[in-house]
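**Q** This is the structure I want to talk about, given as structure tokens.
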Amino acid sequence: MTHPRLATIELPDFGLPDECPELPVEIYPARLERLRERAERRGYDRLVVYADREHSASMSFLTGFDPRFEEAILIVGPVGDPAILVGNECYGMAGAAPLPMRRERYQDLSLPSQPRDRSRKLAEILGDEGVEAGSRIGVVGWKTYPDRSSMDAPAYLVDELRRISGTSGLVENATDLLIAAADGLRILNEIEQLAYLEWASCQTSNGIRQVLLGLRPGMREREAVRLLEWDGTPLSCHTMLTAGPRATLGLLSPGDRRIEHGDRFTVAFGIWGALTCRAGFVVESAADLPADRRDYVERLVGPYFAAVAEWYAALHVGQLGGALQEIIERHLGDPFFGIFLNPGHQIHLDEWVNSPISRGSTIELRSGMAFQVDIIPATGTDYFTTNIEDGVALADQALRDDFAARYPAAWARILARRRFMAGALGIELHPDVLPFSNIPAYLPPFLLRPDRAMTVAS
């Protein structure tokens with residue numbers, strides 16, 4: 001690598017998949033059995049999985065069903081079909097899930113003031129599902145906590161589980177079975193899931209590419225966001241696009257403000273399995289910036305890109321999470337850069353599953369893990385920010401060979417991205433690294449010149 005610099009770079013069209021890869025129906029019973037094996041080793045009699053509209057990834061992973069409008073509760077015993085508790089509106093949809101489940105209409109999961117006259121009491125349902133005095137229950141919600149007694153399932157459910165199991169039983173957080181950063185079930189992806197993640201990243205990155213190429217002063221934010229060409233795939237987060245003073249807040253949705261020359265600008269687009277983000281200034285060059293920040297590239301973007309390039313180059317199966325953290329701290333440890341969150345995290349249907357990347361982390365990265373390159377400088381100054389957020393995965397030789405054989409078109413896109421990153425951007429990737437984004441590490445800081453991007457190539 002050489003020092004980071006701005007250069008004229010032709011971003012190839014890596015292409016889009018013809019259709020979304022479908023997960024085979026048999027993947028869901030296999031996932032459930034792997035979960036049961038882990039539950040048995042932990043000593044649980046039952047697992048109770050809770051999901052709501054925003055936090056449905058674990059339930060969707062296990063069953064192929066995600067609640068709409070309502071919440072849902074999955075009760076998993078040691079054998080047989082699990083029970084799914086749903087409200088009025090999700091009852092039919094749950095019956096179409098690829099995983100066979102016994103449906104129970106539990107109307108307290110329904111929207112306010114809807115009928116509640118066809119439900120059994122929760123205690124009766126739980127009792128029929130084998131929850132009794134002395135039961136050891138693992139509750140799967142969204143997050144883990146230092147104390148397993150803390151759970152993010154609703155009180156009416158946790159309180160009832162604790163009341164029934166009593167002092168001789170146990171009710172505790174078991175979400176780590178699915179999201180533990182080292183080996184959670186949703187952390188180590190099957191090949192079919194990886195193919196879906198590549199498809200999803202194609203959609204989000206192509207959308208951001210269209211924004212970068214089509215952005216013009218005078219557009220309203222709502223006009224610019226249409227360039228993403230969202231096709232209705234479920235979102236993993238609300239869509240973010242803002243310009244001007246509001247862009248500093250990062251997480252806001254587009255409004256009616258017209259984008260002006262010189263504005264700060266940020267855009268992020270996330271669907272199930274992928275998120276892509278870029279940020280910069282709506283100008284053609286540093287000369288268009290105020291005099292006190294015309295060193296934007298030298299002061300912020302260059303050091304940032306050098307850090308991201310080394311982070312990418314260090315990524316491989318067996319790498320320690322702490323080593324990736326050290327790279328970012330070495331390059332961007334100055335308080336000016338404002339790096340606060342983990343520099344990279346695991347991704348699945350939800351945008352942030354967990355992260356093995358932190359100071360001193362000894363977690364080894366494994367084949368099958370998928371990551372969001374997500375290193376965010378929050379300077380809190382007039383320099384604003386710069387940002388690359390793209391999806392990648394790790395695959396050992398056996399997994400790569402299998403992927404290439406089963407998904408040749410996706411594999412061709414991956415190889416083309418690797419060649420572009422090495423040749424145009426100067427980022428040599430380990431063979432284990434599969435870039436999924438169609439704008440892989442492509443960073444144009446001046447958004448009215450999307451052909452001028454950062455590189456560390458000679």
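The values are calculated or read from the model by the stated rules, or taken from the named source; none is laboratory data. Since this is a predicted model, take the numbers as computed values, not measurements. As a convention, Cβ positions derive from the backbone with ideal geometry for all residues, glycine included, and neighbour counts pool all protein chains shown. These accessible areas exclude ligands, DNA and RNA; they are computed on the full protein's heavy atoms, side chains included. Shrake-Rupley method; radii C 1.70, N 1.55, O 1.52, S 1.80 Å.
**Q** Considering (1) open to solvent by 30 Å² or more (accessible area, probe 1.4 Å); (2) touching a Ser or Thr at 6+ places or on another chain (Cβ under 7 Å), say which one E221 fails and leave the rest.
**A** Single failed check for E221: (1).
**Q** Follow-up question, since we're still on this one. Go through the range 356-395 and count every residue that is out of contact with any helix residue (DSSP H, G or I) (no Cβ under 6 Å at 6 or more places or on another chain), on the phi > 0 side of the Ramachandran plot and open to solvent by 30 Å² or more (accessible area, probe 1.4 Å).
**A** 1
**Q** Within the set of pairs 6+ apart or on separate chains, which have a first residue in the range 11-33 that is open to solvent by 80 Å² or more (accessible area, probe 1.4 Å), a second that is assigned to a loop (DSSP other than H, G, I, E, B) and aliphatic (A, V, I, L, M), and C-beta atoms under 9 Å apart?
**A** V25/L99
**Q** Please specify each residue of the range 239-260 satisfying the condition of being out of contact with any Leu (no Cβ under 8 Å at 6 or more places or on another chain) and open to solvent by 30 Å² or more (accessible area, probe 1.4 Å).
**A** Passing the criteria: P245, T248, L249, L251, L252, D256, R257, R258, E260.
**Q** While we're looking at this one, here's another question. Restrict the check to the range 147-163 and report whether at least one residue is within 30 Å of F446 (Cβ to Cβ), aliphatic (A, V, I, L, M) and either in contact (Cβ under 8 Å) with a residue 40 or more places away in the chain or in a helix (DSSP H, G or I) (or both). Outline the logic, then answer.
**A** Looking only at the range 147-163, we keep the residues that are within 30 Å of F446 (Cβ to Cβ), and these are none.
So far as the range 147-163 goes, no, none of its residues is within 30 Å of F446 (Cβ to Cβ), aliphatic (A, V, I, L, M) and either in contact (Cβ under 8 Å) with a residue 40 or more places away in the chain or in a helix (DSSP H, G or I) (or both).
**Q** Let me ask something else. Residues to consider are G218, G250; find the one that is over 19 Å from S201 (Cβ atoms), over 21 Å from the mean Cα position of the chain (by Cα) and of a type outside the set (A, V, I, L, M). Steps first, please.
**A** Values: G250 fails: over 21 Å from the mean Cα position of the chain (by Cα).
G218 is the lone residue from the list that is over 19 Å from S201 (Cβ atoms), over 21 Å from the mean Cα position of the chain (by Cα) and of a type outside the set (A, V, I, L, M).
**Q** Tell me, yes or no, whether the range 451-458 has at least one residue that is surrounded by fewer than 22 Cβ atoms within 10 Å (Cβ to Cβ), farther than 18 Å from V267 by Cα, without any contact (Cβ under 8 Å) to a residue 60 or more places away in the chain and not acidic (D, E).
**A** no
**Q** Something else: Let me spell it out: the conditions are (1) within 18 Å of P450 (Cα to Cα); (2) open to solvent by 10 Å² or more (accessible area, probe 1.4 Å); (3) not in a helix (DSSP H, G or I), and H316 meets all of them except one. Which number is the exception?
**A** Evaluating H316 over (1) within 18 Å of P450 (Cα to Cα); (2) open to solvent by 10 Å² or more (accessible area, probe 1.4 Å); (3) not in a helix (DSSP H, G or I) leaves (1) as the failure.
**Q** If you don't mind, another one. Under 6 Å between Cβ atoms, which residue pairs at least 6 apart in sequence (or on different chains) link something in the range 425-447 that is farther than 24 Å from L215 by Cβ with a partner that is open to solvent by 10 Å² or more (accessible area, probe 1.4 Å) and among the β-branched types (V, I, T)?
**A** D432/V317
**Q** Is it true that some residue in the range 396-407 is closer than 19 Å to L16 by Cβ, open to solvent by less than 10 Å² (accessible area, probe 1.4 Å) and not basic (K, R)?
**A** Yes: the range 396-407 contains one or more residues that are closer than 19 Å to L16 by Cβ, open to solvent by less than 10 Å² (accessible area, probe 1.4 Å) and not basic (K, R).
**Q** Something else about it: If you take the residues of the range 291-313 that are hydrophobic (A, V, I, L, M, F, W, C) and within 25 Å of the chain's Cα centre (by Cα), which of them is surrounded by the most Cβ atoms within 10 Å (Cβ to Cβ)?
**A** Filtering the range 291-313 for residues hydrophobic (A, V, I, L, M, F, W, C) gives 291, 297, 300-301, 305-309, 311, 313.
From what is left, the residues that are within 25 Å of the chain's Cα centre (by Cα) are 301, 305-309, 311, 313.
Numbers: V301: 25, F305: 27, A306: 19, A307: 23, V308: 29, A309: 25, W311: 23, A313: 18.
Only one residue fits best here, namely V308.
**Q** For the range 142-157, what are the residues that are of a type in the set (A, V, I, L, M, F, W, C), open to solvent by 60 Å² or more (accessible area, probe 1.4 Å) and under 19 Å from I84 (Cβ atoms)?
**A** Within the range 142-157, just W142 meets the criteria.
**Q** Also, quick follow-up: Does any residue in the range 106-131 that is farther than 14 Å from I73 by Cβ come within less than 9 Å, Cβ to Cβ, of a residue that is of a type in the set (A, V, I, L, M, F, W, C) six or more places away or on a different chain, and which pairs are these?
**A** Note: pairs meeting the criteria are L111/F69; G127/I164; G130/I75.
**Q** Sort out which residues of the range 416-428 are open to solvent by 60 Å² or more (accessible area, probe 1.4 Å) and either among the aromatic types (F, W, Y) or closer than 14 Å to G15 by Cα (or both), and write them in order of number.
**A** Of everything in the range 416-428, nothing turns out to be open to solvent by 60 Å² or more (accessible area, probe 1.4 Å) and either among the aromatic types (F, W, Y) or closer than 14 Å to G15 by Cα (or both).
**Q** Tell me, yes or no, whether the range 434-444 has at least one residue that is within 25 Å of I347 (Cβ to Cβ), assigned to a loop (DSSP other than H, G, I, E, B), open to solvent by 10 Å² or more (accessible area, probe 1.4 Å) and touching a strand residue (DSSP E or B) at 6+ places or on another chain (Cβ under 9 Å).
**A** Going through the range 434-444, the residues within 25 Å of I347 (Cβ to Cβ) turn out to be 434-444.
If we keep only those that are assigned to a loop (DSSP other than H, G, I, E, B) too, we end up with 436-444.
Those still in the list that are open to solvent by 10 Å² or more (accessible area, probe 1.4 Å) too: none.
Looking through the range 434-444, none of the residues is within 25 Å of I347 (Cβ to Cβ), assigned to a loop (DSSP other than H, G, I, E, B), open to solvent by 10 Å² or more (accessible area, probe 1.4 Å) and touching a strand residue (DSSP E or B) at 6+ places or on another chain (Cβ under 9 Å).
**Q** Working carefully through the options E160, E124, find the one that is over 27 Å from the mean Cα position of the chain (by Cα), of a type outside the set (V, I, T), open to solvent by 70 Å² or more (accessible area, probe 1.4 Å) and more than 26 Å from E351 (Cβ to Cβ).
**A** E124
**Q** Moving on. Could you list, in sequence order, all residues of the range 197-251 that are more than 29 Å from D382 (Cβ to Cβ), outside any helix (DSSP H, G or I) and not charged (D, E, K, R)?
**A** W230, G232, T233, P234, L235, S236
**Q** Going by the conditions given, is V139 free of Cβ contacts under 8 Å to residues at least 24 places away in the same chain, over 17 Å from the mean Cα position of the chain (by Cα) and open to solvent by less than 20 Å² (accessible area, probe 1.4 Å)?
**A** Numbers: free of Cβ contacts under 8 Å to residues at least 24 places away in the same chain: no; over 17 Å from the mean Cα position of the chain (by Cα): yes; open to solvent by less than 20 Å² (accessible area, probe 1.4 Å): yes.
No, not satisfied.
Residues are listed down the side, and each one gets a yes or a no for (1) closer than 22 Å to E54 by Cβ; (2) out of contact with any helix residue (DSSP H, G or I) (no Cβ under 7 Å at 6 or more places or on another chain):
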{"residue": "V79", "(1), (2)": "no, yes"}
{"residue": "R105", "(1), (2)": "no, no"}
{"residue": "S110", "(1), (2)": "yes, yes"}
{"residue": "S119", "(1), (2)": "no, no"}
{"residue": "A123", "(1), (2)": "no, no"}
{"residue": "G141", "(1), (2)": "yes, yes"}
{"residue": "A153", "(1), (2)": "yes, yes"}
